[in-house]
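Have a look at the structure below, then the notes.
The values are calculated or read from the model by the stated rules, or taken from the named source; none is laboratory data. Every value quoted in this text rests on a predicted model; they were computed, and no experiment measured them. FYI the Cβ positions are ideal-geometry reconstructions off the backbone, even for glycines, and counts take in every protein chain you see. Ligands, DNA and RNA are excluded from the accessible area calculation, which covers all protein heavy atoms including side chains. Shrake-Rupley method; radii C 1.70, N 1.55, O 1.52, S 1.80 Å.
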Amino acid sequence: MSVSPRIRRAASADLDGILDLERLFPGDRMSRAALRRFLRSDRAAIWVAVWRGCITGALVMLTRQGSRWARVYSLVVDPVVRGRGLGQRLVRTAEREAGKRGCTGMSLEVRTDNGPARALYARLGYREVATLPTYYDDNAPGVRLRKRFASL
């Protein structure tokens with residue numbers, strides 16, 4: 001890849017591109033309505049990675065009132081650009097924003113059979129804190145991961 005994808009906040013015009021990426025998940029895909037709600041919510045932030053005019057990655061981060069933990073709700077990277085650090089860039093972008101919002105850490109859930117995602121999060125300092133039997137829509141098990149921020 002000659003030029004790195006540019007990461008920016010998502011806009012409503014990005015919905016179709018994000019939904020195309022969501023189709024790469026085996027289940028638990030977000031709907032157009034859910035993405036629209038997240039785009040309007042002050043408790044959510046969505047970033048997209050754009051390369052050659054196409055959305056090649058997306059991350060949805062959620063926060064809750066009264067909680068010091070942000071949550072990666074969804075992270076997906078197009079297989080065409082995987083292995084080039086894009087997932088890491090998206091996660092780090094979300095971590096910085098979470099820190100600005102006063103959060104002290106980030107949590108997320110991932111399928112136990114998603115080895116590449118688990119490896120990414122381990123490299124970024126996330127630790128498994130819970131197992132989640134039959135967590136996903138298709139009853140696949142998951143794990144909950146957490147990372148407490150140092151100063152960002």
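Can you name the residue in the range 122-134 that is in contact with a Lys or Arg (Cβ under 8 Å, 6 or more places away or on another chain) and either among the aromatic types (Phe, Trp, Tyr) or closer than 16 Å to Asp28 by Cβ (or both) and is also most open to solvent (accessible area, probe 1.4 Å) among such residues?
Among those residues, the one meeting the criterion is Leu132.
Among the residues in the range 90-97, are any basic (Lys, Arg), assigned to a loop (DSSP other than H, G, I, E, B) and out of contact with any Phe, Trp or Tyr (no Cβ under 8 Å at 6 or more places or on another chain)?
Within the range 90-97 (the criterion being basic (Lys, Arg), assigned to a loop (DSSP other than H, G, I, E, B) and out of contact with any Phe, Trp or Tyr (no Cβ under 8 Å at 6 or more places or on another chain)), the answer is no, since none of the residues qualifies.
Look through Thr104, Thr112 and report the one residue that is more than 26 Å from Ala13 (Cβ to Cβ), among the polar types (S, T, N, Q) and either at pLDDT 95 or above or surrounded by 17 or more Cβ atoms within 10 Å (Cβ to Cβ) (or both).
Thr104
Take the range 52-86 and flag every residue that is under 16 Å from Leu39 (Cα atoms) and surrounded by fewer than 14 Cβ atoms within 10 Å (Cβ to Cβ).
Within the range 52-86, Arg64 is the sole residue that qualifies.
For Ala49, state whether it is part of a strand (DSSP E or B), at pLDDT 95 or above and either under 24 Å from Tyr135 (Cβ atoms) or open to solvent by 20 Å² or more (accessible area, probe 1.4 Å) (or both).
Values: part of a strand (DSSP E or B): yes; at pLDDT 95 or above: yes; either under 24 Å from Tyr135 (Cβ atoms) or open to solvent by 20 Å² or more (accessible area, probe 1.4 Å) (or both): no.
In short, no.
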